[in-house]
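Comments concern the structure below.
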Amino acid sequence: MGPPGVGKGTQAQRLAAACGVPVVATGDMFRKVRLENSPLATKVRECMDRGEYVPDELTIQMALDRLNQPDARKGFVLDGFPRTVPQAEALDRRFGAENRTIKCVVLLEAPAEVILARLTGRRVCGRCGRAFNSGANAPRTTGICDDCGGELARRTDESPEVQRKRLKVYQQQTAPVAAYYLRSGRLHAVDADRAVDEVQSDIRRLLSSGAVTA
Ligand code: AMP
């Protein structure tokens, strides 16, 4: 977890690839849902385009269904879920009933000005979803994805106005989730104001340390 623009998606993708487990990113799931022609898609578009969260009941059902797919039974990296205390509670309740556990929550931290600069420079591949930045994580060729050659574009929910709103919503609704995991000893903060590889090494060191073995 961490504020928008802190590098969750990039770190989650690398970690999941290294561990051989899927990334479950509710933001990516909602970006697919919003393209459909349904009342749910209309609701999701409205929330995303305002920089607000999708209602808990929709989000919880979608995320928990995904975590029950066979590929996620042996482990997963969550990205962008849970983002509210009711979501975190629902996840613990469901997992408690199934003898599964969220062992480790990584909180990526960076100063506000770094986050704003990253959000402004963020470009995402329309084909494979990989995120790039104008800074340390820039693509080799401007506008083109290093991995699949897809075209890079700004996310539709990332106008400067929406970005400011998303940061505010994060402070109001998601910062309490960090406190929730801190209370149960599962929260581990990592300094994300460094090169992508350094942040990734710290996360892996954390996961392989005694801090996380249940
Ligand atoms: P992300 O790609 O994780 O930044 O998510 C993009 C947008 O999808 C968010 O601004 C929300 O509108 C919606 N979204 C993603 N995850 C959640 C969540 N766990 N709870 C509510 N809304 C979410």
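Derivation of every value follows stated rules applied to the coordinates shown; laboratory data play no part. Predicted, not measured: the structure shown is a model, and the values here were computed from it. Cβ placement follows ideal geometry from the backbone for every residue including glycine, while neighbour counts extend to all protein chains displayed.
Under the rule a/c < 1.5 gives rounded, and otherwise a/b versus b/c splits prolate from oblate, where does segment 15-75 land using the Cα gyration tensor? Prolate, because a/c is 1.5 or more and a/b exceeds b/c. Between rounded, prolate and oblate, where does segment 118-214 land on the alpha carbon gyration tensor, with a ≥ b ≥ c its root eigenvalues, rounded for a/c under 1.5, else prolate if a/b exceeds b/c? The shape class here is oblate.
Helical content of the chain, expressed as a calculated mean residue ellipticity at 222 nm, amounts to -14000 deg cm²/dmol (DSSP H runs of 4 or more residues, -39,500 (n - 2.57) each, divided by residue number, nearest 500).
Rounded to the nearest 5, the antiparallel percentage of DSSP beta bridges internal to segment 81-214 is 55%.
The mean sequence separation of alpha-carbon pairs under 8 Å and at least six residues apart, normalised by the residue count of the chain, gives a relative contact order of 28 percent.
Taking 12 Å as the straight-line reach from the Cα of Lys168, the aspartates and glutamates in range (excluding those fewer than 8 positions away in the same chain) are Glu52. For the pair Glu52 and Cys128 in one chain, pulling the backbone fully straight at 0.36 nm per residue adds 24.9 nm over the alpha carbon distance. What residues from segment 59-80 fall in the zone where the backbone N is under 18 Å from a label point 7 Å along the Cα-to-C-beta line of Val21? Residues passing the 18 Å test: 63-80.
Going by a ≥ b ≥ c, the root eigenvalues of the Cα gyration tensor, does the chain fall in the rounded group (a/c under 1.5), the prolate group (a/b larger than b/c) or the oblate group? Since a/c stays below 1.5, the shape of the chain is classed as rounded.
Each of Gly5, Val169, Ala41 was placed along the dipole of the chain (beta-carbon charges, centred on the mean Cα), and the one lying farthest toward the positive end is Ala41. Counting 0.36 nm for each residue step from Thr120 to Asp191 and taking away their Cα separation leaves a gain of 23.5 nm. Reported to the nearest whole Å, the Cα centre-to-centre distance from segment 25-97 to segment 159-214 is 18. Quick one: dipole size for the chain, taken about the Cα centre, charges +1 on Lys/Arg Cβ and -1 on Asp/Glu Cβ, in debye to the nearest 20. Here the size comes out at about 140 debye. Candidates Leu91, Ile144, Ser184 compared by Cα position along the dipole of the chain: farthest toward the positive end lies Leu91, with charges placed on Cβ. Placing unit charges on the Cβ atoms only, positive for Lys and Arg and negative for Asp and Glu, gives segment 22-111 a dipole magnitude near 240 debye about its Cα centre. Only Cα pairs under 8 Å and 6+ residues apart enter the sum, and on that basis the relative contact order of segment 30-97 stands at 20 percent. Model label points for Glu151 and Leu40, set 7 angstrom from Cα along the Cα-to-Cβ axis, are 2.9 nm apart.
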